[in-house]
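Below is one structure, written out as structure tokens; comments come after it.
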Amino acid sequence: MSSFRFIHAADLHLGSPFQGLALKDPDIAAIFVEASRKAFSTLVSRAIELDVDFFVIAGDVYDGDWKDNKIGLFFSREMGRLDRAGIPVYLLRGNHDALSIITKTISLPGNVYEFSTSKPETMLVESLNVALHGQGFAERSANDNLALTYPPAVRGWFNIGVLHTSLGGKEPHAPYAPCSLEDLRSRGYDYWALGHVHEFEEVASDPVVVFPGNLQGRSVRERGAKGAVLVTVDDSRIELARMIVDEARFAVTEIGIDLDQSAPDILRLVEQSARAIRADADERITALRVRLRGASRLHRNFTANRQQWIDEVQAACHRAHEDIWLEKLELLVIEPPIRAASDGAILDLGRLVAEHGNEDDLQSEAAILLSSIVPRLPGGIGASDLPLEMTVDALIEEARQLLLARGEGDA
């Protein structure tokens, strides 16, 4: 068998709007949108530099239907670069760019071969004795076990299965084209180029089954290095090498705070942590979620002056580096043990709220109020599980603490 190299990529999600970031800071969201494109351009450049024999994309080239043709023109341009370098591309559609979802089209150069969405299809690279088998998604929701319908391996050739799948289930990804590892093995292929799961994983070594992950993190749930996989085949021996091409990263830092720490003390801890995060991100632009956790005498001050704290934490991040941006501030700060009220106190507001703030219908009333607000939220974020990024219980508790803070003059 001849020796050859190919790149296995998936989940480009070109055109992803980064809605969560856009609501917080449109300028930073624009940086991450551009990062997705730069990551793919970098990968194409690496493919040309390495002179790989072919390029495989296992679904979700696009994030959804296009608002205009710009994203299609971008992809066509990058495919043209590979075409001029003599590198063929084999791709299939996933759930985000299923045939029924993408309504606009831009012509692609002749080096791009797309697998059928109606049935499994085999494509042959005769000069290398390589057979690629795949089927794309006709509809966004693909609930059938597609793997079992793939044809048997071509005897004497190197066989690659290309499939967009959740495999046996990979939270939080939807269970599309579910199948088992044994289903994949039953086809007799040498390599399975999977897509859909956004974390890199070498699922198995016999045969080699790989999720390359996505090229660029899209939310704080998708942290760490992102990219594709360079696959080298030499006399049936397979070697994998990750190709990290992401341009920007998400990160989370959790900072424990002590009872009597002052605001400057806490902000210094944020700055120190942000500086360490910057080093871990390999100098990439970083959207950072900061969690402050612990008991603090500033508990009510945090609640009453939330926006001021958000701005101060962002400033601390910028003191660490100008390219660290606050994605979200999570205040997991609890009230210190309650001290007895001083003699002669006219009103113990804390005791009053505790006694009268737990009526049985309080939560249901809050839920009714939220149901009238959520449909008016922009960008479709009302469809998410936590459109206000907090549970009803957390919102009620924040309201209580805000009342106490203002009642005691902390606001």
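Quick check: the distance between the Cα centres of region 61-87 and region 288-306, to the nearest angstrom? Between the Cα centre of region 61-87 and that of region 288-306, the gap is 45 Å. Which FRET efficiency value, to the nearest 0.05, is calculated for ARG221 and GLU126 with the Förster distance at 45 angstrom and r the Cβ-Cβ distance? After rounding, the FRET efficiency stands at 0.60.
Note on GLU34 and ILE106: the extension gain reaches 23.9 nm, defined as 0.36 nm multiplied by sequence separation minus the Cα-Cα distance. When the C-alpha to C-alpha distance is required to be over 27 Å, the pairs from LYS70/LYS226; LYS226/LYS328; LYS24/LYS67; LYS24/LYS104 that qualify are LYS24/LYS104.
A cut-off of 5 Å between modelled amide H atoms, ignoring neighbours fewer than 5 places along the same chain, links SER116 with GLU121, GLY136. Fully extending the segment from ASN145 to SER2, taken as 0.36 nm per residue of separation minus the present Cα-Cα distance, adds 48.3 nm.
Applying 1/(1 + (r/R0)^6) with r as the Cβ-Cβ distance of GLU49 and LEU259 and R0 = 35 angstrom yields a FRET efficiency of 0.05.
Bear in mind these aren't lab numbers, they're just calculated from the coordinates by the rules spelled out. All values derive from a computational prediction rather than experimental measurement. When we count neighbours, we look across all protein chains shown, and the Cβ atoms used for this are built from the backbone with ideal geometry, even at glycine.
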